[in-house]
Amino acid sequence: MTCSDSARPATVNCTRYIQHGSVVAHLCAGVVRIQSARCAELSELAFLQSVIEHVGLTKDKRAKWLYGSAVQFMINSTGSDERYMRGGLWQEPLQLAPALAAIGALAAKEPIRSYVEVGVFSAWTCVLVSAYLRRFAVDDSIDATRAATFRAAAVDIDSTHIARETHTLMRELNVSFVPRKSLSAWLGGGTRRERRVGLCFIDGDHSYDGVRNDYEEMAPDCRSMLFHDIQDTTTLHIQRQGGGGGVPSFWRQLTRSIRPARLASFTSQHSTAAKQFGIGLVTHGKGGTAEPDDADAFDAWGRGLVAWTSFCALEPALCREARSIHVEPWK
């Protein structure tokens, strides 16, 4: 199983979304481009960035402060409530594109047959990543039209922000919505090795304790892991002190307990106002999971205010910035 130009999965039909004027038509078109692309294109940053930009970015009141010149790709749908946020990728194209290429390189060597994303919000990122991974899971010895061995879980507390049309597209890609409390059941029984997930993406609770809890629970079940907002100024500002510094603090801790060869970070951005988003990648270690190499160093960091103090000792400039910077409201 690997990417094959002669065994591409059948493309989804976007007609229904276009006819109903649904914003999900943008996402569906991006999925079709991934499904129809030559294998060589799936590793080309320019192609992947173009797909992301044309799918569109989530409408956010921080606008140019958040997206910089990429604000031109923000979906400008209208609405008096939060329904407008059910569309778009809450991502920086310059980060998501190389992150996709990196996991594509992993999948080309060893197919990623399962994917779990925790904290999906509108689930657009989950859908796009799933469509991408399916290109490396086609078994051309059985059926050139399907990627039957691939499955994915879009995990969140509830599905409030996932549009009905997005649910439809998810089903076509074998992506299931799974309430956070039901994730263990979705993973199934058997040994941890038997139920191991090829790739997990953590983008849920952004407090230090929240992301650490997700990591400690899931790392033994995940071969590789992605983390979102590893440098995000808004997260760092909101989660300072009692929040332990949030995801940026956790990522700093994690990288001190894992060999550099297993790590990658994607932090380029269009915005010049402040550090935004950031994606971190941890590949598998000797045990075949995303767990740390040095458990003692990982445990020594502490939690809550202790974690914030540890982070500030290593990153004093970022701590000062987090305390003083004016962060734009996001909605």
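The values are calculated or read from the model by the stated rules, or taken from the named source; none is laboratory data. Here the structure is a predicted model, which means the values were calculated and not measured. So basically every Cβ, Gly included, is an ideal-geometry build from the backbone, and we count neighbours across all protein chains shown. With ligands, DNA and RNA removed, areas are computed over all heavy atoms of the protein, side chains included. Shrake-Rupley method; radii C 1.70, N 1.55, O 1.52, S 1.80 Å.
Observations, loosely collected:
- A straight chain from Arg164 to Ser50 at 0.36 nm per residue would run longer than the Cα-Cα distance by 38.5 nm.
- When the chain is described by a simple charge dipole with +1 on each Lys and Arg Cβ and -1 on each Asp and Glu Cβ, the residue from Trp308, Ser36, Ser122 located farthest towards its positive end is Ser36.
- Lysine pairs in the chain whose alpha-carbon atoms fall under 27 angstrom of each other, counting only those eight or more residues apart or on distinct chains, come to 8.
- Net length gained if the chain between Ser182 and Cys39 were fully extended (0.36 nm per residue, minus Cα distance): 48.0 nm
- Given charges at beta-carbon only (K, R positive; D, E negative), |dipole| of the chain in Debye: 240 debye
- Net charge dipole size for the stretch 1-64 [Lys, Arg +1 and Asp, Glu -1 on Cβ; Debye, nearest 20]: 340 debye
- Extension gain (nm, one decimal) between Asp296 and Ala317, 0.36 nm per residue minus Cα-Cα: 4.9 nm
- Rolling a 1.4 Å probe over the heavy atoms of the protein chains gives the chain an accessible area of 42 Å² per residue.
- Dipole of the chain [Lys/Arg +1, Asp/Glu -1 at C-beta], most positive-end residue of Tyr17, Gly104, Leu66: Tyr17
- Cβ-isolated cysteines (cut-off 4.7 Å), the chain: Cys126
- Accessible surface of the chain [probe 1.4 Å, protein heavy atoms]: carbon and sulfur percent: 50 percent
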